[in-house]
Structure formats: structure tokens, C-alpha cells
1. Among the listed residues PRO120, PRO72, PRO79, PRO99, which satisfies the condition of being crowded, with 24+ Cβ neighbours inside 10 Å, touching a helix residue (DSSP H, G or I) at 6+ places or on another chain (Cβ under 7 Å) and closer than 30 Å to GLY171 by Cβ?
2. Please go through the stretch 86-124 and give me each residue that is at positive phi and under 17 Å from the mean Cα position of the chain (by Cα), ordered by number.
3. When the stretch 175-189 is examined, which residues are found to be touching a residue at least 24 places away in the same chain (Cβ under 8 Å) and not hydrophobic (A, V, I, L, M, F, W, C)?
4. Do we find that VAL46 is surrounded by fewer than 23 Cβ atoms within 10 Å (Cβ to Cβ) and either modelled with pLDDT of 95 or more or closer than 21 Å to ALA295 by Cα (or both) in this structure?
5. Give the residues of the stretch 284-321 that are among the small types (Gly, Ala, Ser) and out of contact with any strand residue (DSSP E or B) (no Cβ under 9 Å at 6 or more places or on another chain), sorted by residue number.
6. Looking only at the stretch 311-348, which residues are among the polar types (S, T, N, Q) and either at positive phi or touching a residue at least 60 places away in the same chain (Cβ under 8 Å) (or both)?
7. So, of the residues in the stretch 197-225 that are in a strand (DSSP E or B) and farther than 20 Å from ALA103 by Cα, which turns out to be farthest from the chain's Cα centre (by Cα)?
8. Scan the stretch 49-60 residue by residue and report those that are loosely packed, with under 14 Cβ neighbours inside 10 Å and among the hydroxyl-bearing types (Ser, Thr, Tyr).
Amino acid sequence: MTTLIYGAYGYTGERIARVAAKRGLDIIVAGRHGTKTRGLGVELGVESRVFEPSNANSSLNEVETVLNCAGPFEQTADPIVDACLDTGTAYLDITGELPVFEALAERDREAEEAGIPLLPGLGFDIVPTDCLACHLHDRLPDATQLRLGVEARTDVSGGTVASAVEHAGRGACIRRDGVLERATIGSHSQEIDFGNGSRNAGLLPLADVSTAYYTTGIENIETYMALPELATHTLQLTQPLSALLAVTPVKRTVQQLARWLVGSPSERGSVFVWGEASHGEETVCSRLETPDPYALTVNATTTALQRLNAMDTLPTGFETPAVVFDADFVLGLDGVEGFHDDPVTGSV
Ligand SMILES: NC(=O)c1ccc[n+]([C@@H]2O[C@H](COP(=O)([O-])OP(=O)(O)OC[C@H]3O[C@@H](n4cnc5c(N)ncnc54)[C@H](OP(=O)(O)O)[C@@H]3O)[C@@H](O)[C@H]2O)c1
């Protein structure tokens, strides 16, 4: 299976391309910048292709799978998916952007008809939380409520900040009775035990509000992030200012600044992932600890490519990682121990 890695000279794309090449995967590196793309291709000893996302159609010959690593994905996913649908090429990416998941889910039937999978979210967002959601659903199949949260002790890349800015003007989001609703970032503040003592956490728009719904069918979903109490109050007070980021020229300037100012992450952090599913009084709670998100992203994408390579036929339509590879997929990644399950509470 030949995989074209688009955005291959970005911070994350390059790390994925290097590990993919080392694991013997058949890859082509691609991106919009000629010198950077060709230079990486020469260094890794693989073919390179230079094109803009809007011209992807003519650049996918003899490619079975595209792995899109060029974000913000709200700017790149649509044109590349168009090309994948036209050419019958499987589409994978590492987005963590909620609107991108929703947009791709709407293209499920097109992908079914084209006979290809649309499999976004193969990075830290959303593999561990998606697998945890699936695990919680396995523990309590008739759950009607799901809450997921992360406590990250890590740095982020400029590209990740740029992608966060892409959506910052829109606030948080929860799913209620199957429908997405707007909410205030940092609201619903509460104490959550992520596995190392209680921490203050508030609502943050993690993409699981979209994906966990497709993975589990649970219709009420909230996502949290551990935040110092001061940060929660600051986020609530500055929410009106975030509307400025909905103005495109302001957003593009802040994104450019982020790319200049934010250095490479140290890659020494770890992340605590928490989830709770309930049905009436009955509740199950499980936790996971993962290594640094960038290391996990590189491992998850390259492992996913190997797993897809080994399949006789690929799935078709919109898919989530836990549905394609199951809840235990995350447990096979370096540095991830098993799920830590609390006993069921409230059962009769
Ligand atoms: N799911 C996860 O957990 C996870 C983990 C890591 C990263 N990510 C996401 O992956 C993306 C890349 O992150 P990064 O750390 O690699 O950032 P980065 O170093 O800034 O790299 C971004 C790459 O995307 C390309 N790109 C951006 N906009 C483009 C466009 N409109 N058309 C074509 N190419 C475009 C860039 O090319 P130019 O330099 O030519 O602009 C560059 O190659 C971000 O959206 C980030 O949030 C997600």
C-alpha cells in the first residue's frame, strides 16, 4: 500500500515520515513547498510530490492512501478529501478539529459510494480518548451520558497553536440528546481525579464531542481539560474577546505569530486521560496515562498504517480509530499501560 504523507515537512509530518520510512512503509512525501518537500524526499530516499491541496487530484496517481498532516485541517481536509473521492484513495489524517470531524461524517455516504475510508483523528487527538470512550461503552453498553477529560503536562507546537486559534472564536461545545450545542469554554468547572489526585477542570471543545458519538452512539457528551482555577476564571472573563479570533485577518495574524514564536515541544511530557459513562445511577470510570502527544501521534499513525496494510479490504465510509482498530488499539502504543478501571458504582 503506497501512502502519500501530505504536510510531510511540518513538525509532526516529518516525524511521522521518518518513522514510517524506518518501519519500511511504502511512502511518498508531499507538501506545497518545493524545496522542503524535495529535500525531505532525497534525505529519506523516497519519492516526493509538490502540490497545493486544491490541486491534489492530479497528484494521487498510484497512491492507495493519503495521510494528511497539514493543519489547520479546516483549510486542507476538504480539497484533499475531494481528490480522494475522485481517485478512490483512502483518506487518513491527524486532525483534532471538531468541525472537520463533523464535516467528514457528513461525507460518509460519498465515501461508501467511492469505496474508501475517511479516517480522521489518528493522532493524540483522538486516539486515546476515542479508545477510552469505546472501552467505557463496552463496560456499560446502555450508557446515556459520557464525560471525557485530559490533564496534559506537555508543550505544544506552533502548528497546534495555529489550529487551536482556527477554532477559538467558536467557544466550547457539548452534545445533548445527539445534537451539538454551544457552551462557554472553562464552564461546568469541577474537581476531577485524573489518576493523580483531584484537579480543577472546565469544559474545553475536544473533538470527542463529535467522534465519541460516532464510536459509541452515546447522545450526551461533555469534554473537559484540567485547568488551574485562575485559568478557568480568565477563560470565562475573556470569552467575549475570543470573538475577535472569528475575524479572519486577526486569526491569520495570530496564527502566523504562533508559528514564529512557538518553538518545538520538548517531548518529555505525559497526559492523563479520564472518562466516566453513566446510565441513571450506574456509573463506570476508567483512566489511561499516555506519553507526550507528539510521540503518541507518530506511533499511532504509523501503527495504523501497518494495521491497514495488513487488512485484506479496507473499511469504507466515515470511521473513527476505535471502530476500525477497537478499544485496545491505544494499549499497543509505546508508553501506554492498560486501562485503569474503577469498580462500577450505583449498580443494583
Ligand atoms: N491529533 C493530534 O493529536 C495532533 C498532533 C500533532 C499535530 N496535530 C495537528 O497537525 C497539524 C500540523 O501540526 P505541526 O505540529 O506539524 O505544525 P507545523 O509544523 O506548523 O506544520 C504544518 C504543516 O502543514 C502545512 N500546511 C499548513 N497549512 C497548509 C495549507 N493551507 N496548504 C498546504 N499545506 C499547509 C505546512 O506547510 P507550510 O509550512 O508550507 O505552511 C506544514 O507542512 C496541526 O493542525 C496540529 O494541530 C494534531
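1. PRO120
2. Of everything in the stretch 86-124, just one residue is at positive phi and under 17 Å from the mean Cα position of the chain (by Cα), namely GLY121.
3. Result: ARG175, ARG176, ASP177, GLY178, THR184, GLY186, SER187, HIS188, SER189.
4. yes
5. ALA295, ALA310
6. Correct list: THR316, THR320, THR345, SER347.
7. First pass over the stretch 197-225, keeping only residues in a strand (DSSP E or B): 198-203, 220-225.
Filter once more, keeping what is farther than 20 Å from ALA103 by Cα: 198-203, 224-225.
Details: SER198: 26, ARG199: 24, ASN200: 24, ALA201: 20, GLY202: 20, LEU203: 17, TYR224: 15, MET225: 15 Å.
Among those residues, the one meeting the criterion is SER198.
8. The initial filter retains those residues of the stretch 49-60 that are loosely packed, with under 14 Cβ neighbours inside 10 Å, namely 52, 54-55, 58.
If the condition is that a residue be loosely packed, with under 14 Cβ neighbours inside 10 Å and among the hydroxyl-bearing types (Ser, Thr, Tyr), then SER54, SER58 are the ones that fit.
The values are calculated or read from the model by the stated rules, or taken from the named source; none is laboratory data. Note that this is a predicted model, so its numbers are computed, not measured. Cβ sites come from the backbone with ideal geometry, for glycine too, and all protein chains shown count toward neighbours.
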